[in-house]
Amino acid sequence: LTVIDKTVKLIKSRHKKDIDIAKISLDDKDVYENIFSSAHTIGVFQFESEGMREYLSKLKPSCIEDIISLTALYRPGPMANIPEFIDRKDGKTDIKYLHDSLQNILKETYGIIIYQEQVMQIASIIGGFTLAEADIMRRAMGKKKKNLMASFKVQFVEGAIKKKISKKIAVEIFELLEKFAQYGFNKSHAAAYSIIAYQTAWLKHHYAVEFLTANISSDINDTDRLIKLLGDARRLNIKINPPHINLSEPDFNILDNHTIQYGLAAVKNIGYKGVE
């Protein structure tokens, strides 16, 4: 079972509640404020690393779009754009568009090209490309195929001129695409990751003891990760009782909303068979 499944199962067992994780609201302000913006993301899918938590505390995400953007940006290459992305979100840097047509495409990412889909949309709306042509152009840019890019540039500029966009602006937009296309991430992929991240964050915020217990039980043999999760439990004022032959089960188990009983299978060199 995944951590989400285990958490939902524990909630059902303890609170007699059926949680349909696919139907939770993606607009819970407390989840963004207390988990993501506070960088309390130990145990949250894709958002646990120190670097990611540092950017979270600076970005202070306020919606699912911010989470999706950061998922796509936090990779070698596009990571260099994160400080500018944060400054634009905070209003420290002006958001400027080379042409009004770009606003609808780039508004959610504060004027920065992040996704492959944005590259294709710009090629289609500004350059008059079909989506198939736009995808071929995107791949050529990503692989820096100079001959193909030169012919696409001519096609793009000619298409833009037909839409009454000046040649100068069209060239600037094409060069902007070249700069970002090699780093563009697939938005649908980033969105799928981010939904799972939000679901885990939602469970952590609303059902912390169940979430941590599920997480710890999933990594019971990973000592380093166990230490990190137990430290997070202490931060949440959740007490971890030491192993006890009469009280402990093989996995970590919940005694009450503020107490988790150490699982005997986590004791080094014992394992599940020894516990049985």
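The values are calculated or read from the model by the stated rules, or taken from the named source; none is laboratory data. Nothing here was measured: the structure is a model prediction, and the numbers come from that model. In this analysis, Cβ positions are derived from the backbone assuming ideal geometry, glycine residues included, and neighbour counts consider all displayed protein chains. Ligands, DNA and RNA are excluded from the accessible area calculation, which covers all protein heavy atoms including side chains. Shrake-Rupley method; radii C 1.70, N 1.55, O 1.52, S 1.80 Å.
When the chain is fully extended, how far beyond the present Cα-Cα distance does residue 269 get from residue 227, taking 0.36 nm per residue of separation?
Values: separation 42, 0.36 × 42 = 15.12 nm, distance 1.67 nm.
Gain on extension, residue 269 to residue 227, equals 13.4 nm.
In nm, to one decimal, how far is the residue 90 label point from the residue 34 one, both placed 7 Å along Cα→Cβ? Modelled inter-label distance: 2.5 nm. Give me the percent of the accessible area of the chain that comes from carbon and sulfur atoms, probe 1.4 Å, all protein chains in place. Its accessible area is 52 percent carbon and sulfur atoms.
Per residue of the chain, the DSSP helices (runs of n ≥ 4 H) give a summed -39500 (n - 2.57) that works out to -16500 deg cm²/dmol at 222 nm.
Give, rounded to the nearest 20 debye, the magnitude of the charge dipole that the stretch 29-105 has about its Cα centre when Lys and Arg contribute +1 at Cβ and Asp and Glu contribute -1 at Cβ. Let's see the in-between values first.
Numbers: 9 positive and 12 negative charges, 15 e Å.
Charge dipole, the stretch 29-105, about its Cα centre: 80 debye, nearest 20.
The peptide list 121-134, 99-112, 21-34, put in order of mean Cβ contacts within 10 Å with the highest first, becomes 121-134, 99-112, 21-34.
Take 231-242, 179-190 and order them by the average number of nearby Cβ atoms within 10 Å per residue, most first; the result is 179-190, 231-242.
State whether the chain is rounded, prolate or oblate according to the following rule on the C-alpha gyration tensor (a ≥ b ≥ c being the square roots of its eigenvalues): a/c under 1.5 gives rounded; otherwise a/b larger than b/c gives prolate, and the remaining case gives oblate. Taking the square roots of the gyration eigenvalues as a ≥ b ≥ c, the chain is prolate. Where a ≥ b ≥ c are the square roots of the eigenvalues of the C-alpha gyration tensor, would you call the stretch 68-173 rounded, which needs a/c under 1.5, or, failing that, prolate if a/b is larger than b/c, or oblate? Note, shape of the stretch 68-173 comes out oblate.
What shape does the stretch 181-265 have by the C-alpha gyration tensor, where a ≥ b ≥ c are the square roots of the eigenvalues, rounded means a/c under 1.5, and otherwise prolate means a/b greater than b/c and oblate the rest? It is prolate, given that a/c is not under 1.5 and a/b is the larger ratio.
Ordering 155, 247, 21 by Cα displacement along the dipole of the chain toward the positive end leaves 155 in first place; charges were set at the Cβ atoms of Lys, Arg (+1) and Asp, Glu (-1). Around the amide H of residue 259, modelled in the peptide plane, lie the amide H atoms of 239, all under 5 Å away and 5 or more residues distant in sequence or on another chain.
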